Amino acid sequence: MPELPEVETVCRGIAPILEGRTLTDLVIRRPNLRLPFPEGMAEKLKSQVITTVGRRAKYILVRFANGAVLLIHLGMSGRMTIHDSGDAPEPGKHDHVDFITDGGKTLRFNDPRRFGLMALATEETLEGHRLLAGLGPEPLSNRFNGDFLVSALKTRGQPIKAALLDQTLVAGLGNIYVCESLFRSGISPRRKASTISGKKIRLLATTIVEVLREAIEAGGSSLKDHRQASGEIGYFQHNFAVYGREGEPCPDCTCDWQKNGGIKRIVQGGRSTFFCTNRQR
Ligand SMILES: [Zn+2]
């Protein structure tokens with residue numbers, strides 16, 4: 001599932017072909033994804049000039065000169081591919097939307113599982129939009145720092161992992177990067193959030209930013225170095241320390257992994273958590 005760094009990478013990948021361009025055509029091949037497409041979406045956006053591509057949590061925000069804002073969520077399996085319009089392959093079964101620009105490019109949205117969604121807002125209604133209202137601060141914004149996290153977790157009796165996944169506390173953090181940040185900070189995912197020392201919470205805040213920035217940087221190099229032949233963007237090689245590595249030795253750890261079984265997997269709130277019982281307390 002695409003997490004914040006993947007979504008950020010998609011934004012950075014599609015921005016150069018969308019920004020400053022006019023949407024000459026918008027082809028929508030089915031009535032809905034997870035939700036119905038907004039009524040009249042194609043008519044509302046066609047012939048409009050795209051100003052910027054940005055991100056809020058895991059929503060891609062495509063802004064238009066007329067004040068319209070298109071929100072795109074990639075869901076579980078949403079992907080974007082870029083093609084030369086004259087050379088775009090025949091759309092497949094899961095190619096649901098084509099954005100065609102006057103720059104000769106086609107941006108194609110593909111989503112086999114259809115958990116993605118598109119919604120329309122305006123500059124005025126965006127902040128209060130039901131998909132965005134109530135979201136906590138962006139982890140890469142100035143609002144998110146040690147002081148913020150200490151104060152936000154003070155009253156949280158739930159396990160730290162659950163608290164970090166709560167989108168009203170901080171927006172856009174998902175399972176993978178929460179596991180990785182807790183490992184790197186040496187905090188057990190089972191620890192009650194309110195019982196963790198301020199010093200450790202401050203380290204955690206710094207680590208979350210560091211882990212996300214590293215992943216975004218890896219995504220950035222993937223855009224530069226090897227744009228895939230399929231035109232697909234936003235998916236790149238990851239090096240996770242613990243995520244998905246049950247039973248493997250954990251990196252830079254003194255635990256005797258052959259004796260204690262290496263990285264552990266437990267299920268919290270229906271999601272897998274990967275961690276080291278030696279290093280994370
Ligand atoms: Zn370990």
From the list I50, I82, which residue is surrounded by 14 or more Cβ atoms within 10 Å (Cβ to Cβ), among the β-branched types (V, I, T) and at pLDDT below 95? I82
Any residue in segment 192-211 that's over 13 Å from R281 (Cβ atoms): show its pairings with residues that are assigned to a strand (DSSP E or B) at Cβ separation under 8 Å, as long as the two are six or more apart or on different chains. A193/P159
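When you scan segment 123-131, do you find a residue that is touching a Lys or Arg at 6+ places or on another chain (Cβ under 7 Å), touching a residue at least 40 places away in the same chain (Cβ under 8 Å) and part of a loop (DSSP other than H, G, I, E, B), even just one? Show your work before the answer.
Start the filter on segment 123-131 by keeping residues that are touching a Lys or Arg at 6+ places or on another chain (Cβ under 7 Å), which leaves none.
No: zero hits.
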Options S185, S197: the member that is of a type outside the set (F, W, Y) and touching a Leu at 6+ places or on another chain (Cβ under 7 Å): S185
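Name the one entry in E217, E246, E210 that is within 16 Å of the ligand (Cβ to nearest atom), at pLDDT 80 or above, of a type in the set (D, E) and surrounded by fewer than 17 Cβ atoms within 10 Å (Cβ to Cβ). Talk me through it step by step, then tell me what you get.
Working: E217 fails: within 16 Å of the ligand (Cβ to nearest atom); E210 fails: within 16 Å of the ligand (Cβ to nearest atom).
Unique residue meeting the criteria: E246.
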Matching residues in segment 118-130 - criterion: being of a type in the set (G, A, S) and surrounded by fewer than 13 Cβ atoms within 10 Å (Cβ to Cβ): G128
Pair list, Cβ under 8 Å, 6 or more apart: segment 218-244 residue outside any loop (DSSP other than H, G, I, E, B), other residue of a type in the set (A, V, I, L, M, F, W, C) and at pLDDT below 75: A218/F236; G219/F236; S221/F236; S222/F236
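With within 16 Å of the ligand (Cβ to nearest atom), crowded, with 17+ Cβ neighbours inside 10 Å and not aromatic (F, W, Y) as the only criterion, which of R190, R281 stands out?
Of the residues listed, the single one that is within 16 Å of the ligand (Cβ to nearest atom), crowded, with 17+ Cβ neighbours inside 10 Å and not aromatic (F, W, Y) is R190.
Please note which strands (runs of 3 or more DSSP E) are completely contained in segment 1-103 and include at least 3 residues that are touching a Ser or Thr at 6+ places or on another chain (Cβ under 7 Å) and under 19 Å from L120 (Cβ atoms). Walk me through how you get there before you give the answer.
Working: elements: 23-28, 50-56, 59-64, 68-73, 79-84, 95-101.
Correct list: 95-101.
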Can you list residue pairs whose Cβ atoms sit under 7 Å apart, with the first residue in segment 254-278 being near the ligand (Cβ under 10 Å from one of its atoms) and the second being outside any loop (DSSP other than H, G, I, E, B) and among the acidic types (D, E)? Count only pairs 6 or more apart in sequence or on different chains. none
Tell me the residue from F183, F109, F115, F148 that is touching a residue at least 60 places away in the same chain (Cβ under 8 Å), buried (at least 16 other Cβ atoms within 10 Å of the Cβ) and of a type outside the set (A, V, I, L, M), please. F183
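The values are calculated or read from the model by the stated rules, or taken from the named source; none is laboratory data. On a predicted model such as this, the values are computed, not experimentally measured, just so you know. Backbone-built Cβ (ideal geometry, glycine too); neighbour counts: all protein chains shown.
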